[in-house]
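Just below is one structure, and these are the notes that go with it.
The values are calculated or read from the model by the stated rules, or taken from the named source; none is laboratory data. Quantities reported herein were computed from a predicted structural model and do not represent experimental measurements. All Cβ positions, glycine included, derive from the backbone under ideal geometry; neighbour counts span all protein chains shown. When the accessible area is computed, the model is the full protein with side chains, heavy atoms only, and any ligands, DNA or RNA have been set aside. Shrake-Rupley method; radii C 1.70, N 1.55, O 1.52, S 1.80 Å.
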Amino acid sequence: MSQNVSTPYDSLLSVAKGRYSCRAFQKRPVPRTDIDRILEVARTAPSDCNTQPASMFILSGSALEALRAEMYEAAATGRERTSDVPPIGTYTGVFQERRRECGLSLYNAVGIQKGDREASGRQALENFRFFGAPHLAVVTVHNDLAERGLFDTGIYLGHFLLAAQALGVAAVPQGAIAHYADVIRRHAPIAPELRVVCGVSFGYEVKDHAANSFRTDRVEIADSVVFVD
């Protein structure tokens, strides 16, 4: 009798489709050996001329708790933002539609009614608590390599997220926290020549939490790829 044998492609596709942005974490930390295994995959990411411009600062324990407290206070009180990488100024067209749908799906999952700005504001602030995660990876890129360095850092981040998923570690990449780069720098030894790109909160998911119950859609291949023969 023949047996179905999983190919490397099948395994990769399963991991990629299983990955999602976790928004409620257990307090249980990830063993350092597993974090090292995730980083071992991330460091295989390709880059322009092998420049390898990405670097990470991983905060846990008391260092993370101190950052969590100040980050939340800064966001809750409307402290002035400082971004090393400028945020998107205006979302337009289909990009705004996708952004809106993502937000509405989250709010619906946690029982927030459309138009309830107070409740949606409280949920948005959970970004700055890192959703309770026991670890935060701050993703940075060397300034010398400009936009190309940002591109390569995105590839590094993608490898990190897939490796975490493969080990059963939940994660969520967060651009919002990078808007308080000055706050992050007070809690991590990030050199001036490094730009803070984003954070990645990671740990183990709270499986039955409403915020972890929804999934976002992806466009069809035909909507984003053009074959030219």
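On the given criteria, is Val200 open to solvent by less than 70 Å² (accessible area, probe 1.4 Å), β-branched (Val, Ile, Thr) and assigned to a strand (DSSP E or B)?
yes
Select from the range 211-226 the residues that are open to solvent by 40 Å² or more (accessible area, probe 1.4 Å) and within 30 Å of Gly132 (Cα to Cα) and list them in ascending order.
Once the filter is applied, which keeps residues that are open to solvent by 40 Å² or more (accessible area, probe 1.4 Å) and within 30 Å of Gly132 (Cα to Cα), the range 211-226 yields Ser213, Arg215, Thr216, Asp217, Arg218.
For the range 40-62, which residues satisfy the criterion of being farther than 21 Å from Lys27 by Cα, open to solvent by less than 50 Å² (accessible area, probe 1.4 Å) and part of a helix (DSSP H, G or I)?
Result: Ala42, single match.
Would you say Ile184 is of a type in the set (A, V, I, L, M, F, W, C), buried (at least 22 other Cβ atoms within 10 Å of the Cβ) and more than 26 Å from Ser11 (Cα to Cα)?
yes
Just need a number here: residues in the range 1-31 that are open to solvent by 50 Å² or more (accessible area, probe 1.4 Å), touching a helix residue (DSSP H, G or I) at 6+ places or on another chain (Cβ under 6 Å) and either over 26 Å from Pro134 (Cα atoms) or not in a loop (DSSP other than H, G, I, E, B) (or both).
Residues meeting the conditions: 0.
Among the residues of the range 108-116, is there at least one that is over 30 Å from Pro46 (Cα atoms), of a type in the set (D, E, K, R) and open to solvent by less than 60 Å² (accessible area, probe 1.4 Å)?
Looking for residues that are over 30 Å from Pro46 (Cα atoms), of a type in the set (D, E, K, R) and open to solvent by less than 60 Å² (accessible area, probe 1.4 Å), one finds none in the range 108-116, hence no.
Output the residues belonging to the range 166-197 that are in a helix (DSSP H, G or I) and in contact with a helix residue (DSSP H, G or I) (Cβ under 6 Å, 6 or more places away or on another chain).
Once the filter is applied, which keeps residues that are in a helix (DSSP H, G or I) and in contact with a helix residue (DSSP H, G or I) (Cβ under 6 Å, 6 or more places away or on another chain), the range 166-197 yields Ala166, Ala176, Val183.
So which of Glu101, Glu65 ends up being farther than 21 Å from Arg215 by Cα, in a helix (DSSP H, G or I) and of a type outside the set (Lys, Arg)?
Of the residues listed, the single one that is farther than 21 Å from Arg215 by Cα, in a helix (DSSP H, G or I) and of a type outside the set (Lys, Arg) is Glu65.
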